[in-house]
Amino acid sequence: MLTRRTLLAASCIAAVSLFACERKTEPAQPAAPTAKPAPAAPQPAKDKKLRVGFAQIGAESDWRRANTESIKAEAAARGIDLIFSDAQQKQENQIKAIRSFVQQGVDAIAFAPVVETGWEPVLKEVKQAGIPVILTDRVVDVSDKSLYVTFIGADFVEEGRRAAAWLGKATDGKAMVAELQGTPGSAPAIDRKKGFEEGIKAFPQIKIIKSQSGEFTRAKGKEVTETFLKSPEGKQITALYSHNDDMALGAIQAIEEAGLKPGVDIKIVSIDGVRAAFEAMVAGKLNCTVECNPLLGPQLFDTVAAVVAKKPVDKRIVTKESVFEQSQAAEAIKTRKY
Ligand code: GYE
């Protein structure tokens, strides 16, 4: 016959965490066979394992993979029950995931919105369910700002300005630029374009002569650069501004295949600061990367803890970042964490 203790032990094995296991064994006092089971004592809130739903965009770039890794590792380190969903670049998949988090009654929902618009209906549902929403990496464009608690992420406009400032300095204010944009409608694509255009105003002889989306991926970055180079204006291109490193790495391949020297014939500046970009700088093929930090896990879960504890948090949490040039790459690569 199965004793109560055996049953508890079995449920412990099934339980995901050791923590949950320890809690379940606590009331396992030898009970008289005739005694009614004691009503479960209400668990103090602090003992409850936090459940957080995270709706990720996908795995389009090294940046994104580092971001996912940071979130998963931090949740595991803190004993948080993370329900992670990968939307494969589709807003509708993110919306579905968010709705399923609501059904599962999570304590908080976090997500990186693939595009800026179209979030009101689902965010209203989440608000009605009383679940706090934390945006990471990208922001949403909603008129009612109470639909989310805070947005943790970089200042993309500033990143674009930094790329422009570097290019102005490196080219003596003269360049014919081809631009690789990120995912259409996404906050980083919109803002990095805006910041760069703003920044080059200080250099009247810097002109954007080609601009198209490479969807933040290496493959698309390569493909679009090939068409840039083959176009009638192709020969005039002296610089490439890419909204992320992955597209720049694809562009480097296209430039080499066209018989040109990336980093020399065409100066390249991109954004993110992933390890592969540092390697390309060490090889002399990329000139500059503007850092954008993907390691948002610790900040995200600090914020979740504060929000769940009903402590006030800032509406906007900006991550700190710098700019790396080719000459700094060999040294800086030693301490890169992504
Ligand atoms: O720059 C790009 C990624 O939203 C900041 O998304 C992020 C961007 C990042 O795919 O590589």
Given 25 °C, 0.890 mPa s and a Kirkwood radius over Cα pairs, the Stokes-Einstein diffusion coefficient of the chain in µm²/s is 111 µm²/s
Per-residue ellipticity at 222 nm attributable to helices in the chain (runs of n ≥ 4 DSSP H, -39500 (n - 2.57) apiece, nearest 500 deg cm²/dmol) works out to -12500 deg cm²/dmol
Phi-derived 3J(HN,Hα) across the range 215-220 with the Karplus relation (6.51, -1.76, 1.60, θ = phi - 60°), rounded Hz, x for Gly and Pro, is 6, 6, 10, 4, 4, 6
Relative contact order of the range 248-325 (C-alpha contacts under 8 Å, at least 6 apart) in percent is 28 percent
Excluding residues fewer than 8 positions from Lys124 in its own chain, the lysines with Cα under 23 Å of it are Lys90, Lys96, Lys145, Lys310, Lys311, Lys315
The chain: relative contact order from alpha carbon pairs under 8 Å, six or more residues apart, as a whole percent, is 15 percent
Plugging the Cβ-Cβ distance of Ala59 and Gln205 into 1/(1 + (r/R0)^6) at R0 = 30 Å yields, to the nearest 0.05, a FRET efficiency of 0.15
Two pseudo-spin positions, 7 Å from Cα along C-beta at Arg275 and at Thr117, lie apart in nanometres by 4.0 nm
In whole angstrom, the spacing between the Cα centers of the range 221-296 and the range 297-329 equals 28 Å
For the range 289-302, in residue order, the Karplus 3J(HN,Hα) values (coefficients 6.51, -1.76, 1.60; θ = phi - 60°; whole Hz; Gly and Pro = x) are 10, 8, 5, 9, 7, x, 7, 8, x, x, 5, 4, 7, 4
Inter-part gap, Cα centre of the range 57-108 to Cα centre of the range 113-174, in whole angstrom, is 17 Å
Two pseudo-spin positions, 7 Å from Cα along C-beta at Gln212 and at Lys145, lie apart in nanometres by 3.9 nm
Taking Cα atoms only, Rg over Rh for the range 80-156 with Rh from the Kirkwood formula is 0.92
Using alpha-carbon positions, the gyration tensor of the range 156-292 gives root eigenvalues a ≥ b ≥ c; with a/c under 1.5 called rounded, otherwise prolate if a/b exceeds b/c, else oblate, the class is rounded
In nanometres, the difference between 0.36 nm per residue of separation and the alpha-carbon distance of Lys72 and Lys96 is 6.6 nm
Expected sort for 307-318, 234-245, 209-220, 93-104 on mean C-beta neighbours within 10 Å, highest first, is 234-245, 209-220, 93-104, 307-318
The answer for Ile83, listing residues at least 5 apart or on another chain whose modeled amide H is closer than 5 Å to its amide H, is Val52, Gly53, Phe54
Simple spin-label estimate for Lys334/Phe84, 7 Å along Cα→Cβ, in nm, reads 3.1 nm
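We did not get these values from a lab; they are worked out from the coordinates using the rules stated. Not measured: the values here are computed from a predicted model. With ideal geometry, Cβ positions are generated from the backbone for all residues, glycine too; neighbour counts draw on all protein chains shown.
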